[in-house]
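Right, one structure below, let's go through it.
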């Protein structure tokens, strides 16, 4: 059943899963900013009847009640309704739909755009490491190499660069689901575009760029977010809180840091800082991450600096 729901005056969109029913696990506990607005819709725009009985609402407190001891502070903050205005349900629907597909998939591929940046790789590793905590073994496949300044991130050695002459095309064809991170059109996959389009796998989108293309089975999309890593953080917090380890928190922090211009850009909000605070509490080290990105002089960076200085006319 396809359905569409509109909220007047909203400019962002969430595309949720084709399904007979939703079972949001995190309804009105008010985790998300009320200043954000959402326009959830299906790509084909067909609207059915949506009965309230199909929405099974479970308290977020029961989700976190069974979490491990390091999550005590997170549980406490989520119980403070004053921190979380009440637009969470739209994010909860999309996160639940994506989590259902991920949980049901046996052969997962996670990918991001050509010439990946900090948000792309941070989102890829953040979600990939979270799924690994849950016993999944997703293939992290990218169309071009990881930049050297991001190779300090945990799990980066597990990322594979697409090779059309290898088994990668077979893996894409055999995948149950392909998660597309930090791009709004498959054209950003460069030479991977054709095998991804040709795969029978369900495609999932998590992205913050304007005007995403259609054809995704599920999506979490918000153009008001600073970064895709902010959206992946939301997904992890809503659906996989027990998976928020340091190896998950560090890449997600890196993605938010780099795509927000060190928290300088206009889309940085109180919500962003709440998420970042949670990532720090669960192992992201702001000082070491900043140093690794901005204060580490690799041979390539030194050569580039030399070329720049050589061209200066003083």
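Readers should treat all values here as calculations from the given coordinates under stated rules, not as data from a laboratory. What you see is a predicted model; the values in this text were computed from it and never measured. Glycine also receives a Cβ, built like all others from the backbone with ideal geometry; neighbour counts cover every protein chain displayed.
Could you give the nm distance between label points at residue 280 and residue 302, where each point is 7 Å from its Cα heading toward the beta carbon?
3.3
Would you mind checking segment 160-184 for residues with the amide N under 19 Å from a putative spin-label position 7 Å along Cα→C-beta of residue 191?
Within reach of a label on residue 191, which here means backbone N under 19 Å from a point 7 Å along Cα→Cβ, segment 160-184 contributes 160-173.
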